[in-house]
Amino acid sequence: MTVTIPPGGVTGWHQHQVPVYAYVLEGELSVELKGGVRYRFVKGAPILEVMNLSHNGRNTGKMATTLLVFYTGAEGVDNVVRDKGNP
């Protein structure tokens with residue numbers, strides 16, 4: 001699927017219980033992991049998302065960020081689990 005995040009937009013704190021892969025089609029994305037580690041991804045970058053660890057994506061650029069996302073889910077397992085509060 002494609003996911004578009006407007007400038008300044010966030011994904012919200014969440015986790016994945018299944019492998020998730022993404023590719024940055026446009027823009028840039030900063031991903032913060034629980035504990036404060038941050039990674040920056042720009043157009044053309046592949047993303048291997050962390051599993052079972054809270055993280056939040058933020059569009060730090062001036063244009064919309066578009067991601068091509070691949071969820072390798074399993075029956076009965078949610079692709080995305082939203083955190084109830086910040087870690």
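Just to be sure I understand the filter: pairs with C-beta atoms under 7 Å, separated by 6 or more residues or on different chains, first member in segment 5-27 and free of Cβ contacts under 8 Å to residues at least 40 places away in the same chain, second member not in a loop (DSSP other than H, G, I, E, B). Which pairs pass?
27/65; 27/66
Taking residue 32, is it assigned to a strand (DSSP E or B) and of a type in the set (D, E, K, R)? Spell out the reasoning first.
On the way: assigned to a strand (DSSP E or B): yes; of a type in the set (D, E, K, R): yes.
Here the answer is yes, as residue 32 does meet what is asked.
How about segment 51-80: which of its residues are among the hydroxyl-bearing types (Ser, Thr, Tyr), more than 16 Å from residue 5 (Cα to Cα) and surrounded by 11 or more Cβ atoms within 10 Å (Cβ to Cβ)? Working first, answer last.
Within segment 51-80, the first condition is being among the hydroxyl-bearing types (Ser, Thr, Tyr), and the residues that meet it are 54, 60, 65-66, 71-72.
Pick out the ones that are also more than 16 Å from residue 5 (Cα to Cα) and you get 54, 71-72.
The answer is 54, 71.
Take the conditions touching a residue at least 24 places away in the same chain (Cβ under 8 Å), more than 12 Å from the chain's Cα centre (by Cα) and under 19 Å from residue 2 (Cα atoms) and apply them to residue 83. Does it pass?
Against the criterion (touching a residue at least 24 places away in the same chain (Cβ under 8 Å), more than 12 Å from the chain's Cα centre (by Cα) and under 19 Å from residue 2 (Cα atoms)), residue 83 does not qualify.
Checking the conditions here, which among 37, 31 is modelled with pLDDT of 95 or more, under 18 Å from residue 2 (Cα atoms) and not polar (S, T, N, Q)?
Numbers: 37 fails: under 18 Å from residue 2 (Cα atoms).
Just a single option satisfies the conditions, and that option is 31.
For segment 35-44, check the following and say yes or no: at least one residue is of a type outside the set (Asp, Glu), farther than 19 Å from residue 77 by Cβ and surrounded by 17 or more Cβ atoms within 10 Å (Cβ to Cβ).
Keep residues of segment 35-44 that are of a type outside the set (Asp, Glu), which gives 35-44.
Checking which are farther than 19 Å from residue 77 by Cβ leaves us with 35-44.
Going one step further and asking which of them are surrounded by 17 or more Cβ atoms within 10 Å (Cβ to Cβ), we end up with 41.
Looking for residues that are of a type outside the set (Asp, Glu), farther than 19 Å from residue 77 by Cβ and surrounded by 17 or more Cβ atoms within 10 Å (Cβ to Cβ), one finds at least one in segment 35-44, hence yes.
The values are calculated or read from the model by the stated rules, or taken from the named source; none is laboratory data. Predicted, not measured: the structure shown is a model, and the values here were computed from it. Positions of Cβ are generated from backbone atoms using ideal geometry, with glycine treated the same way; all protein chains shown enter the neighbour counts.
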